[in-house]
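The structure appears below as structure tokens.
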Amino acid sequence: MNRIHKNLSAGRWNNFSLAEQLANVGSEAGRAINWRGKNAEFSNLAAERALELAELTISDPKNRRRLKELTRRSDLRGAFQSCGHLALLVITAAATWIFFAQRLWVGFALGLFAHGTVYSFLAGLATHELAHGTVFSTKWLNGLFVRFYSLISWFNFHDYRMSHTYHHLYTLHPRGDREVVLPTNPSLDLLFLLQLFTLNLVGTRSEPYSFPLVQNIGATVKLAFTGRYSKEWLEAVYADQPDAHRKSIRWARLILLFHLALIAASIVFRLWPLPLLVAFAPFIANWLRYFVGVPMHTGLRTNVTDFRLCVRSITLDPFTQFLYWRMNWHTEHHMFAAVPCYNLRNLYRAVAADLPKPRTLLGAWREMRQIWKKQQTEPGYQFETPLPGRKAEGGKKQDTLESSLGDLAPKDLE
């Protein structure tokens, strides 16, 4: 497994065809994950996906050149995205603190709500793009920001890199991807919504897109003190990676130490708003994160190799796109994961002829709710996304561009 995973990062795929590379990953990963067994179907799964992607080459050579341009990373644009998000956090935190100091409690509540809304997009969203290593052209800046944002949001980026590598290779194939397991309920339960608009304490067991306090802090404490994971999936992906497992444990301990120290300092120096603005902020006002995050895969097909059938793109207003790190262009991200988030809209324009039309946020939710309702009477039902009638007419040769996951794959898998 180590030899194959060494090739997952960008620029290390040059000696093999994509199908050969991913077939090898599928074969060796299949032996590493307990529940996958030695089924030949799983071993060939990644190769099938590679062949499916090969059908979606860009017909116009100019577009192929444009696509290569879109993979270029920019420190300036990366700084605008990363530091811009941080600036919003500072502004909302400062406003909330001022309202607290002035005892303007309505303003304090509104400020905390705004701060939590912005903060909610750090764990698994800002850290997602930074974990891919595609935000900055300077590599260490990606590493710096992913660690900083992960630390302040109770997020274990080591676990995420390990899991998310498989999510990209085997998207919505349950034996190879347990990061997202369908079907899921696009819940609008009133008690759950109450948590999303206040403090997301326990979330709901059927919904993986929320970020509940008890589940996440509990998982961090368990890993820090016992070295065990709360999810069987993580136990499995770390089964043959002891060095990576130790890094994950150390990071969990650092998260705990940081937040406990911050809470202690707030008590000693009477900085009462501080825990709310940092330690508990990831779990406050998760509403917008939930509403834009759920459409990524919910209600779509499992066990298919065509990303257009198992991933959904949506259109959003510019501000929400910014908070979401442009992951509303999610189909495009899965097809060409080496493209930085700030280039995904232009990527969509380059390949639009081969893609379904993006849904609106309201349209996506209406679609998901209808699918879920039908699945209650037809458990095996899966929605078939309408696809464009034409296919690209260019050659079917697959280059390294489509194969790259950025710098997502952990170095311990080398």
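Computed over region 120-182, the range of Cα coordinates on each principal axis works out to 34, 24, 17 Å, biggest value leading. Overall size of region 75-291 from C-alpha positions, given as principal axis extents largest first: 54, 43, 37 Å. Net charge in the neighbourhood of residue 166 (other residues with Cβ under 9 Å of its Cβ; Lys, Arg +1, Asp, Glu -1) is -1. Across region 75-291, the relative contact order, built from alpha-carbon pairs under 8 Å that are at least six residues apart, equals 26 percent.
Alpha carbon centre of region 212-278 versus region 155-209: separation in Å? The distance from the Cα centre of region 212-278 to that of region 155-209 comes to 18 Å. Counting charges near residue 319 (Lys, Arg +1; Asp, Glu -1) among other residues having Cβ under 15 Å from its Cβ returns a value of +2.
All of the numbers you see were taken from the coordinates with simple rules; none came from a lab. Everything numeric here is computed off the predicted structure, so don't read it as measured data. Reconstructed Cβ throughout: ideal geometry from the backbone, glycine too, with neighbour counts over all protein chains shown.
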